[in-house]
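Working notes for the structure below.
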Amino acid sequence: MGNLKRMGAVLLSLALISSLNLNALAAVEDTGYTDVDAGSWYAQAVEYVRDNGLMSGTSDAQFSPSGTMTRVMLAQTLYRAAGSPTVSGSDAFTDTQADAWYADAVLWATREGIISGYGGGLFGTNDPVSREQIAVILWRDAGSPEAQAGSPFADEGSIASWAAQAVDWAQSSGILSGRENSRFDPQASATRAEVAVMLRAYRTMGASELPEPPAEGSHVLVAYFSATGNTERVANAIAEATGGDLFEITPADPYTDDDLNWTDENSRVVQEYENPDARDTELVAYTPENWADYDVVFVGYPIWWYDAAWPVDGFVAENDFTGKTVIPFCTSSSSGLGESGQRLAQLAGTGDWMEGQRFRSSASQEDVTAWVESLGLN
C-alpha cells in the first residue's frame with residue numbers, strides 16, 4: 001500500500017534566525033550610540049535592530065538616525081534577518097560589483113523576489129530607498145498578503161499604483177505610519193531611524209510570551225523536511241513551544257547546494273520539477289518511532305514552485321493519520337502557503353487537517369509561539 005500511495009504522491013505533486021530579544025522591547029536606558037537619545041521615538045527600535053544583528057552603527061559610537069537607507073543596505077539587512085543563507089552565482093546588474101560586501105544580499109533578495117531592479121540592468125545600488133519602496137519590499141518578504149485600505153493619506157494620490165496594496169498592508173499592520181499633516185510622503189527617502197522602527201514593528205507582529213505546554217496526555221510530533229535550514233529553525237521553535245518531538249524527513253540521497261540551484265536548468269530540483277515522475281524521493285525513514293502515540297502532528301516544508309517541497313510527500317503518503325490533528329507549516333521568503341496543505345491532506349486521505357501557516361525565513365521564536373498559542377492546543 002505504501003508504494004501505491006507514493007505513486008499517488010508523484011501524480012499529485014506540482015510545487016529563526018535568532019530568537020527575538022525581549023529586552024529590546026523594554027525601556028531603553030542607554031542606546032550605546034552618542035547620537036541616539038534614550039528618550040527618542042526610535043531608541044527602542046535602534047536597540048532592537050542592533051541586538052538582533054539587523055543593523056549596525058555607521059561607527060562604533062554613532063548610528064546616524066537621520067541618514068538615508070540605501071537599497072543595498074536594506075538588502076543586506078533583510079539578508080541578515082533571513083540568516084544569511086548561502087547563495088552562488090552572480091546577478092545580472094551593471095551597477096553592482098561581484099566582490100562587494102552587498103553582493104550575496106543583492107543576489108539573494110532578487111532571487112527571492114523581494115527586491116527587484118529598475119530595468120535597464122540597474123539595481124539602484126546606492127539610491128536611497130523610498131518609503132513606498134520599503135513598504136513593497138517588506139510586503140513581498142511577508143508573502144504579499146491581502147490588505148484592506150485604511151484611512152486615506154492626504155497625499156494618497158501620489159502613491160504609485162504598484163505600491164498601493166503594500167502601503168495599505170504596512171499601514172494596517174502598524175509597520176508604517178504617515179508623517180505630519182496626515183501625509184504618507186511616498187517618494188521621500190526613508191531614514192535609518194524610520195527603517196529601524198519599521199523593521200522592529202514588522203518582526204514583532206503578533207509577538208507574545210511562550211504558550212503553556214499542551215494538556216497532559218497530548219503528544220506532539222513536529223515532522224519536517226528542510227533544504228537550507230529555514231524550515232528546521234521553525235520546526236525547532238514549534239517543538240520548543242509545544243514540548244513536542246522532532247522527526248526530520250530525510251531523503252536517502254540528500255540535496256546538495258548545486259541540487260537546489262533553481263536557476264540552473266540542469267539542477268536536480270529543476271529536473272524533478274519539470275519531470276514529475278522523478279519526484280518520488282526515497283526517504284531514510286518514513287515513520288517515526290511511537291507513531292501511534294502522537295495525536296497532534298505538525299508537518300513542515302519549504303515552498304518549491306508554489307507547492308510543498310516534494311520530499312515531504314513520501315512521509316504524508318506512507319503514514320496513517322487517522323485520529324490525529326495535522327497542522328502544516330511552510331517557510332518561504334515570498335510565496336504563500338497556497339493550496340499545499342490541502343493537497344497534502346488529499347494525498348494523506350486521513351487525519352483532521354487544519355489550516356496551515358507560512359513563515360518568512362526570518363521568523364523569530366516569538367512569531368512561531370504566537371501562532372502555536374493561537375491554535376488552542378491546550
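Bear in mind that the values in this text are calculations on the coordinates, not laboratory data. Keep in mind that this is a model prediction, so the values were computed, not measured. Note that we place each Cβ from the backbone using ideal geometry, even for glycine, and neighbour counts take in every protein chain shown.
Each Lys and Arg adds +1 at its Cβ and each Asp and Glu adds -1 at its Cβ; summed about the Cα centre, the chain shows a dipole of about 700 debye. Among (1) 1.12; (2) 0.99; (3) 0.96, only one was calculated for this model; which label is it, if the read-out is Rg/Rh (Cα atoms, Kirkwood Rh)? Step by step, Rg/Rh (Cα atoms, Kirkwood Rh) for this structure corresponds to label (2). The residue list 121, 329, 364 was ranked by how far each Cα lies along the charge dipole of the chain toward its positive end, using unit charges on Cβ atoms, and 121 comes out on top. The length gained on full extension between residue 149 and residue 320, counted as 0.36 nm times the residue separation minus their Cα-Cα distance, comes to 57.2 nm.
Looking only at segment 244-265, which residues have a backbone nitrogen under 19 Å from a spot 7 Å from the Cα of residue 286 in the C-beta direction? It comes to 247-254, nothing else.
Towards the positive end of the charge dipole of the chain, with charges on Cβ (+1 Lys, Arg; -1 Asp, Glu), say which of 86, 137, 225 has the farthest Cα. Going by the Cα projections, it comes out as 137.
Applying 1/(1 + (r/R0)^6) with R0 = 22 Å to the Cβ-Cβ distance of residue 271 and residue 86 gives a FRET efficiency near 0.60. Put a dot 7 Å past the Cα of residue 342, heading toward its Cβ, do the same for residue 252, and the two dots end up 3.4 nm apart. Overall, segment 117-169 carries a charge dipole of about 120 debye about its Cα centre when +1 sits on the Cβ of Lys and Arg and -1 on the Cβ of Asp and Glu, all other atoms neutral. Specify whether the C-alpha gyration tensor of segment 22-203 places it in the rounded, prolate or oblate class, a ≥ b ≥ c being the square roots of the eigenvalues: rounded for a/c under 1.5, otherwise prolate if a/b is larger than b/c and oblate if not. The shape class here is oblate. Ellipticity at 222 nm from helices only: DSSP H runs of n ≥ 4 in the chain, each -39500 (n - 2.57), divided by the residue count, give -9000 deg cm²/dmol. Assuming charge only on the beta carbon of Lys and Arg (+1) and of Asp and Glu (-1), the dipole of segment 22-203 about its Cα centre is about 260 debye to the nearest 20.
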